[in-house]
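The values are calculated or read from the model by the stated rules, or taken from the named source; none is laboratory data. On a predicted model such as this, the values are computed, not experimentally measured, just so you know. FYI the Cβ positions are ideal-geometry reconstructions off the backbone, even for glycines, and counts take in every protein chain you see. Each accessible area value is taken on the protein alone, full model and side chains, heavy atoms only, with ligands, DNA and RNA left out. Shrake-Rupley method; radii C 1.70, N 1.55, O 1.52, S 1.80 Å.
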Amino acid sequence: MKKLVSSLIAVCAIGVLSNCTTIPLTSIPKLAGLNPHTFDFSQAKVAVRIQDGFKIEDGDVKLTVDLFDGTKHERTTETFDMLVEDMPASPFLLKDRRMGTSIYGFSFKQSDMARVLAFRDTFSQIAERGAANKERAENSFSLSVTSQGCLEEGANPFEKMKVKIYLKPAAEDDYFTFVKEQKIDLAALNEGKIPSCKAS
């Protein structure tokens, strides 16, 4: 399934830096404030807002993480197909609702949790090693969220799907905008045919 919307953060020994123009300026301080020594990837949450007439199904949203160990010169990359949930309880998401749109939450599959926890542990080990390494090995971390979607029966097939992506880095944090609202041409990304939503 092709990628539609993507954003990226890079984590160094001193913090998190944004390097993608799809991230709002107001969200950059939140990303920069993440501490790589305490960041628990397994607790990260994603939410997506789309307009009515389109729907997001299980597996349409993918979360990809890439970790580079500067000391060992090893790269670890994992992609997770996320499961759709109801809109999370969140003051920020509640405030960001708009008429004619829906917001969905997403969670990891239970079958993916072993990979999720293994990645979290690898990340923690590299972050701690980097803190103790006076030579400051160039460790890096990137996180991207991509979204596909489908057209509901009776909806306008000539309209592009609008997608906005939110990130919640930790249990004690609220969501914030990770990717600005983007217009997505589903037909162009699916060999000229817009995917139809499954019957409920």
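Determine, yes or no, whether residue 90 is surrounded by 14 or more Cβ atoms within 10 Å (Cβ to Cβ), out of contact with any Cys (no Cβ under 8 Å at 6 or more places or on another chain) and polar (S, T, N, Q). In short, yes. So, residue 17, is that one at pLDDT below 85, touching a strand residue (DSSP E or B) at 6+ places or on another chain (Cβ under 8 Å), open to solvent by 60 Å² or more (accessible area, probe 1.4 Å) and over 18 Å from residue 128 (Cβ atoms) or not? Yes; evaluated as a whole, the condition is true for this residue. Here residue 122 does not fit the description of being touching a helix residue (DSSP H, G or I) at 6+ places or on another chain (Cβ under 9 Å) and more than 30 Å from residue 198 (Cβ to Cβ). Cβ-Cβ contacts under 9 Å between residues 6 or more apart (or on different chains), taken from a first residue in segment 47-75 that is surrounded by fewer than 16 Cβ atoms within 10 Å (Cβ to Cβ) to a second residue that is outside any loop (DSSP other than H, G, I, E, B) and aromatic (Phe, Trp, Tyr), are listed as 74/68; 75/68.
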